[in-house]
Amino acid sequence: MRYPGRDAIVATAGESIARGSRSFAAASKLFDRETRERAWLLYAWCRRCDDIADGQDHGHGMTIVEDPQARLAEIRERTAAALAGEWVGDAAFDALRIVAAETRMPHRFAWDLIDGFALDAEGWRPQSEDDLLRYCYHVAGVVGCMMAVVMGVAPEDEAVLDRACDLGLAFQLANIARDIGEDAAAGRCYLPADWLAEVGLTPANPLADPAALAILGTRLADRAEAYEISARGGAAALSFRSAWAVLAAADIYGGIARKVRTRGAKAWDSRTTTSGGEKLAAITRAWGAARKRAPSPRPAGLWTRPR
């Protein structure tokens, strides 16, 4: 059997990111070619795992799946084969095989991400803010760590990986704030139970009182901003082009969280997005920020990923 070569798998991965995330696709164009291709390869695997777990097509059309454990087993089996250096026959998992081999990607990062899918498969719900951040690590913070390795950060550089994780946390908190309505329609709620109780809402119906929900949307946006600020402080450890891409992505996704905060009770009337013009403005601002980047200490009091 003839398998597709690296170029073909990279091309498929590029199509995946273009379909799955216009924000990430725009930011990825700022990388040098080698880093961009590896970022696409990593994205393709993450996107494919998410789609299998949630019955989606490139992040669209999430449904309540009837066989979550079987889907999780499929993800684990294909990932294990990819990390073992085997041809999987699925372009996204073969993308993981390539990027893991080319970058010394710690295999534990891939398994940490899959642990996040396992939480969803088990119907897990956060009870506290610490629970929420632990979940955000497993589904996004660890992706930040993997992306840092793709950008050339040594897998042993824990301080820089912490900043990369912070960016993933910021992205996921913004996603959760934006997608409360969509998640509720699929039977999910990622708002901590104790937060909901504070404003008289329940996990079963977080949309019952939009004004009360707006309080929690603002809280999520504030948390996202704190982790975004920390991540920006870590950009000095990256090359100029990688820092430019990271800072652009931070600005674009940070804009989503800030819009949720600004829209208040109307934030879930329609999907919160950033326009093409706003993405271009973010890319322009990021260019200037990347040129002026300087190291800064990680702010105290932030949640820290598991070692």
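The values are calculated or read from the model by the stated rules, or taken from the named source; none is laboratory data. Since this is a predicted model, take the numbers as computed values, not measurements. Cβ sites come from the backbone with ideal geometry, for glycine too, and all protein chains shown count toward neighbours. Just the protein is used for accessible areas: all its heavy atoms, side chains included, with ligands, DNA and RNA removed. Shrake-Rupley method; radii C 1.70, N 1.55, O 1.52, S 1.80 Å.
Within the range 194-205, the residues that satisfy the criterion of being buried (at least 16 other Cβ atoms within 10 Å of the Cβ) and over 24 Å from Gly255 (Cβ atoms) are Leu196, Val199, Leu201, Pro203. Counting just the residues of the range 135-164 that are among the small types (Gly, Ala, Ser) and either part of a helix (DSSP H, G or I) or over 20 Å from Phe31 (Cβ atoms) (or both), which one comes out most open to solvent (accessible area, probe 1.4 Å)? Ranking the qualifying residues of the range 135-164, first place goes to Ala159.
For the range 1-52, taking the residues that are of a type in the set (S, T, N, Q) and farther than 22 Å from Leu238 by Cα, the one that is nearest to the chain's Cα centre (by Cα) is identified as Ser21. For Arg188, the stated conditions do not hold, so it cannot be described as touching a Cys at 6+ places or on another chain (Cβ under 9 Å), crowded, with 16+ Cβ neighbours inside 10 Å and not hydrophobic (A, V, I, L, M, F, W, C).
Of the set (1) open to solvent by 10 Å² or more (accessible area, probe 1.4 Å); (2) touching a helix residue (DSSP H, G or I) at 6+ places or on another chain (Cβ under 9 Å); (3) free of Cβ contacts under 8 Å to residues at least 40 places away in the same chain, all apply to Ala208 but (2). Glu102: closer than 23 Å to Arg241 by Cα and part of a loop (DSSP other than H, G, I, E, B), yes or no? Judged against the criteria, Glu102 is not a match. For the range 30-58, the candidate set comprises residues that are surrounded by fewer than 17 Cβ atoms within 10 Å (Cβ to Cβ) and touching a residue at least 24 places away in the same chain (Cβ under 8 Å); within that set, the residue that is nearest to Leu247 (Cα to Cα) is Asp32.
Of the residues in the range 120-134, how many are in contact with an Asp or Glu (Cβ under 9 Å, 6 or more places away or on another chain), in a helix (DSSP H, G or I) and either surrounded by fewer than 17 Cβ atoms within 10 Å (Cβ to Cβ) or free of Cβ contacts under 8 Å to residues at least 60 places away in the same chain (or both)? Selection size over the range 120-134: 1.
Note on the range 69-88: among residues that are more than 18 Å from Asp115 (Cβ to Cβ) and surrounded by 15 or more Cβ atoms within 10 Å (Cβ to Cβ), the one that is modelled with the lowest pLDDT is Val88. Can you find even one residue in the range 247-254 that is hydroxyl-bearing (Ser, Thr, Tyr) and either at pLDDT 95 or above or not in a helix (DSSP H, G or I) (or both)? No, that holds for no residue.
Of all the criteria given as (1) in contact (Cβ under 8 Å) with a residue 60 or more places away in the chain; (2) open to solvent by 10 Å² or more (accessible area, probe 1.4 Å), the one not satisfied by Arg219 is (1).
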